[in-house]
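Worksheet for the structure shown next.
The values are calculated or read from the model by the stated rules, or taken from the named source; none is laboratory data. Nothing here was measured: the structure is a model prediction, and the numbers come from that model. Note that each Cβ is placed from the backbone with ideal geometry, even for glycine, and that neighbours are counted across all protein chains shown.
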Amino acid sequence: MILASTLGTQMSDLLASAGPILFYLVVWGLVFAGTGLFVGVFIPFITGDSLLFAAGLVTAAASDTLNVWVLAIGVGIAAFVGDQVGFIMGRHLGRPYLDKKAGPRMSRLIVRVDRFYLKYGWWSVVVARFMPWARVLIPWIAGIGKMNYTKFLTSNLVGAIAWGVGLSVVGFFAASIPSVRVAAYIIGGSFITLSIIFGLRTWLQDRRERREQLAQRELSAST
């Protein structure tokens, strides 16, 4: 929750200096860029769960100038459009483009996301919303795999509502309604914690794989 509080303080400063319209645009823009422009690969926590929860907290603190439903609906739309862009890019540019742009770490992550998509299909698009790097890659993988457009549309809509609208509103409740504050913090904290754990797990796996590859190269060179 420290990360969400820090983001909340930064966004409060932004709100004070630039006003509510810019606040909405910055939050929506980051959500869209997280998937639609691939930004979430590089800064997953700034475009993910912590951002939405913190935005909800800020909205509650500035309820005289901000409206939680404007924020939440806008986030849902930005998340939905971002995934649609990723899906279309994946379908039209294809796997060679994604492989060309990916480094060794990203290539290994793509393989794992590939398996995740093949295993869960429709649900993978919904569940990936709550997983930092999968959130970015699943729309591309779905487009490359030629997932039925109607199925992707519906799964994207469900995921955008559950993640985008849901976490924004949960953050708002955590700050504005005492009777549900504890439950809201537990829900929001769980999503953020799981996202961080997933990110750290991926990072540790990448480090271990790099060490193993380096050891294998050194062994090959010595023989």
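Listed values, structure above:
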{"read-out": "Cβ-Cβ under 8 Å pairs, at least 6 apart or on other chains, segment 147-173 side closer than 12 Å to A54 by Cα, far side among the charged types (D, E, K, R)", "value": "L167/D49; F173/R181"}
{"read-out": "One residue from A79, A33, A54 being at pLDDT below 85, buried (at least 16 other Cβ atoms within 10 Å of the Cβ) and either in contact with a Pro (Cβ under 9 Å, 6 or more places away or on another chain) or farther than 28 Å from R208 by Cβ (or both)", "value": "A54"}
{"read-out": "Residue check, F23 modelled with pLDDT of 75 or more and aromatic (F, W, Y)", "value": "yes"}
{"read-out": "Residue within segment 122-132 that is more than 14 Å from the chain's Cα centre (by Cα) and not acidic (D, E) present", "value": "yes"}
{"read-out": "Subset of segment 131-151 [in a helix (DSSP H, G or I) and surrounded by fewer than 21 Cβ atoms within 10 Å (Cβ to Cβ)]", "value": "Y149, T150, K151"}
{"read-out": "Considering residues of segment 57-76 that are β-branched (V, I, T) and within 30 Å of K146 (Cα to Cα) only, the residue surrounded by the most Cβ atoms within 10 Å (Cβ to Cβ)", "value": "V75"}
{"read-out": "Every residue from segment 128-175 that is among the charged types (D, E, K, R) and within 16 Å of T47 (Cα to Cα)", "value": "R129, R135"}
{"read-out": "Residue among S179, S168, S195 that alone is farther than 17 Å from G86 by Cα, modelled with pLDDT of 65 or more and either hydroxyl-bearing (S, T, Y) or touching an Asp or Glu at 6+ places or on another chain (Cβ under 7 Å) (or both)", "value": "S168"}
{"read-out": "Those residues of segment 115-133 which are in contact (Cβ under 8 Å) with a residue 40 or more places away in the chain and out of contact with any Ser or Thr (no Cβ under 8 Å at 6 or more places or on another chain), in sequence order", "value": "R129"}
